[in-house]
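The values are calculated or read from the model by the stated rules, or taken from the named source; none is laboratory data. The structure displayed is predicted, hence computed values, not measured ones. Here the Cβ positions follow ideal geometry from the backbone for every residue, glycine too, while neighbour counts run over all protein chains shown.
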Amino acid sequence: MSGHSTYEPKTGFERWLDTRLPIVRLAWDSVVDFPTPKNLNYWWTFGGILALCLVIQLATGIVLAMHYVPHVDYAFASVEHIMRDVNYGWLLRYMHANGASMFFVAVYIHMFRGLYYGSYKAPREVLWIIGCLIYLVMMATAFMGYVLPWGQMSFHGAVVITNLLGAFPIVGDAITTLLWGGFAVDNPTLNRFFSLHYLLPFVIAGLVALHVWALHVPGNNNPTGVNVQSKADTVPFHPYYTVKDGFAIVLFLMLFGAFVFYNPDALGHADNYIPANPLVTPSHIVPEWYFLPFYAILRAVPDKLGGVLLMFGAIAVMFVLPWLDTSKVRSMRYRPTAKLYFFIFVLVCLVLGYCGGQLPDNHVIPGLSTFTLIDADLNSFVWLSRITTLYYFAYFLVILPVLGLTETPLPQPESISEPVLSHPASTPAGATASPEKRG
């Protein structure tokens with residue numbers, strides 16, 4: 001995709017380094033002169049935003065680890081020590097905690113963009129799979145990080161989630177015991193989670209490097225979904241997209257700063273400011289907001305093993321998505337029927353997240369249960385979770401495979417440039433255009 005390198009060393013040191021370790025050439029070809037489709041919109045800026053989020057999480061996490069004590073007797077107090085006694089510890093802690101939420105906001109937008117524009121289709125299957133691996137490791141890292149403050153929600157959330165692994169026959173109990181480091185969530189568990197939480201971000205960084213490498217082989221997808229036909233369809237990444245991405249990053253940092261400085265606890269849970277007590281269970285154990293859709297899927301199934309399998313299956317199905325979507329058209333701009341189902345899918349994911357944060361015996365519509373002919377259980381969030389879970393899996397396993405065979409897509413442009421250049425001026429040379437056309 002990138003073609004022949006245009007980098008030319010200008011100094012003797014650059015020429016010497018280029019013949020031994022062409023790292024400057026790699027950076028030039030990957031960031032500065034990389035040919036990028038000229039029609040990318042702002043939905044494509046979230047890749048750069050995610051890279052920034054990863055850097056923030058790594059930098060703040062390393063400093064926080066210098067002051068954190070991974071012991072059940074001191075973990076909660078060490079977090080309070082960071083907040084009160086360490087210079088700018090409050091800022092580092094709030095940046096790290098809210099940075100996780102910002103990370104997931106950006107990754108969900110990034111994934112929905114990929115679904116809408118068909119960025120998972122050939123020849124980008126490996127790129128998509130690596131992205132799914134990054135998401136999976138992100139979820140594991142975030143879960144383990146949420147346990148570290150050792151508050152009430154941290155402790156009991158760890159108990160609930162790790163116990164789910166025991167639902168697997170034969171190996172479930174062995175895996176749970178290994179993860180706990182004993183027969184209950186205790187100090188060995190906290191030590192394991194701290195070690196893995198420190199290690200996994202570097203695994204994510206390695207996967208991101210692979211992700212970028214896999215991106216540079218076929219090149220960027222674009223809103224039309226049409227392959228790049230010529231150099232006229234592209235522009236150098238710098239300065240066009242560095243400036244555009246930089247502007248979007250500034251706006252994103254303003255949102256990030258609004259949470260860090262004005263409402264740092266808005267995305268957390270108040271019970272996590274209470275020290276962990278195994279003898280007192282919170283009235284409603286709930287994970288962080290970015291896990292809520294999967295938590296709703298888990299609770300939608302009355303069988304424990306079935307719920308766990310569906311919860312993990314909701315992530316696993318994304319790994320095989322490139323082979324489930326049978327349509328030859330990438331972008332949903334030209335698939336009006338698929339576009340409708342996609343927006344329903346987005347709404348379903350939001351509803352699942354809402355249901356995951358509710359008590360399972362709450363009613364969807366207050367007062368609806370007063371109708372004596374309607375069973376009250378049919379109005380519960382559990383049933384809404386079941387309906388939306390059914391659509392979630394149907395979208396991947398039924399709708400996309402069938403739509404690719406039955407729908408009639410709209411005509412696609414021949415090239416990226418055609419939507420702009422397909423309407424040449426009809427006025428003869430030398431003639432004056434009408435005032436309407438001039439305006």
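Do any helices (runs of 4 or more DSSP H) lying entirely in the stretch 332-439 carry at least 2 residues that are modelled with pLDDT under 60 and more than 30 Å from PRO287 (Cα to Cα), and which ones are they?
Working: elements: 336-356, 381-394, 400-406, 418-421, 435-438.
Of the helices (runs of 4 or more DSSP H) lying wholly inside the stretch 332-439, those with at least 2 residues that are modelled with pLDDT under 60 and more than 30 Å from PRO287 (Cα to Cα) span 418-421, 435-438.
With respect to GLY225, determine if the residue is within 23 Å of TYR117 (Cα to Cα) and either β-branched (Val, Ile, Thr) or assigned to a loop (DSSP other than H, G, I, E, B) (or both).
It is true that GLY225 is within 23 Å of TYR117 (Cα to Cα) and either β-branched (Val, Ile, Thr) or assigned to a loop (DSSP other than H, G, I, E, B) (or both).
Would you be able to tell me the number of residues in the stretch 1-15 that are part of a loop (DSSP other than H, G, I, E, B) and charged (D, E, K, R)?
Total satisfying the criteria: 2.
Would you mind finding the one in ALA142, ALA59 that is aliphatic (A, V, I, L, M), in a helix (DSSP H, G or I), without any contact (Cβ under 8 Å) to a residue 12 or more places away in the chain and not assigned by TED's automatic domain parsing to the domain that holds VAL320?
ALA59
Pull out all pairs, ordered by first then second residue, where Cβ-Cβ is under 8 Å, the residues are six or more apart or on different chains, the first lies in the stretch 160-184 and is in the same structural domain as VAL308 (by TED's automatic domain parsing) and part of a helix (DSSP H, G or I), and the second is modelled with pLDDT under 95 and among the β-branched types (Val, Ile, Thr).
none
Any idea how many residues of the stretch 16-56 are in a loop (DSSP other than H, G, I, E, B) and of a type in the set (Val, Ile, Thr)? Working first, answer last.
First, the residues of the stretch 16-56 that are in a loop (DSSP other than H, G, I, E, B): 19-22, 33-34, 38-41.
Subsequent filtering for residues that are of a type in the set (Val, Ile, Thr) retains 19.
Counting residues in the stretch 16-56 that are in a loop (DSSP other than H, G, I, E, B) and of a type in the set (Val, Ile, Thr) gives 1.
From the set of residues in the stretch 298-321 that are under 20 Å from LYS121 (Cβ atoms) and surrounded by fewer than 18 Cβ atoms within 10 Å (Cβ to Cβ), which is nearest to the chain's Cα centre (by Cα)? If you could, list the steps in order and put the result at the bottom.
Filtering the stretch 298-321 down to residues under 20 Å from LYS121 (Cβ atoms) leaves 315-321.
Filter once more, so that each one left must be surrounded by fewer than 18 Cβ atoms within 10 Å (Cβ to Cβ): 315-317, 319-320.
Details: ILE315: 12, ALA316: 15, VAL317: 15, PHE319: 14, VAL320: 17 Å.
Going through the qualifying residues, I end up with ILE315.
Go over the candidates TYR241, TYR262 one by one and state the one that is in the same structural domain as TRP43 (by TED's automatic domain parsing) and either in contact with a Phe, Trp or Tyr (Cβ under 7 Å, 6 or more places away or on another chain) or in contact (Cβ under 8 Å) with a residue 40 or more places away in the chain (or both).
Only one candidate passes the filter, namely TYR241.
Looking at ASP29, ASP33, which is the one that is touching a strand residue (DSSP E or B) at 6+ places or on another chain (Cβ under 7 Å) and surrounded by 13 or more Cβ atoms within 10 Å (Cβ to Cβ)?
Working: ASP29 fails: touching a strand residue (DSSP E or B) at 6+ places or on another chain (Cβ under 7 Å).
Just a single option satisfies the conditions, and that option is ASP33.
Residue under question is LEU40, and the condition is that it be aliphatic (A, V, I, L, M), surrounded by 17 or more Cβ atoms within 10 Å (Cβ to Cβ) and under 18 Å from TYR241 (Cβ atoms); does it hold?
Spelling it out, LEU40 is indeed aliphatic (A, V, I, L, M), surrounded by 17 or more Cβ atoms within 10 Å (Cβ to Cβ) and under 18 Å from TYR241 (Cβ atoms).
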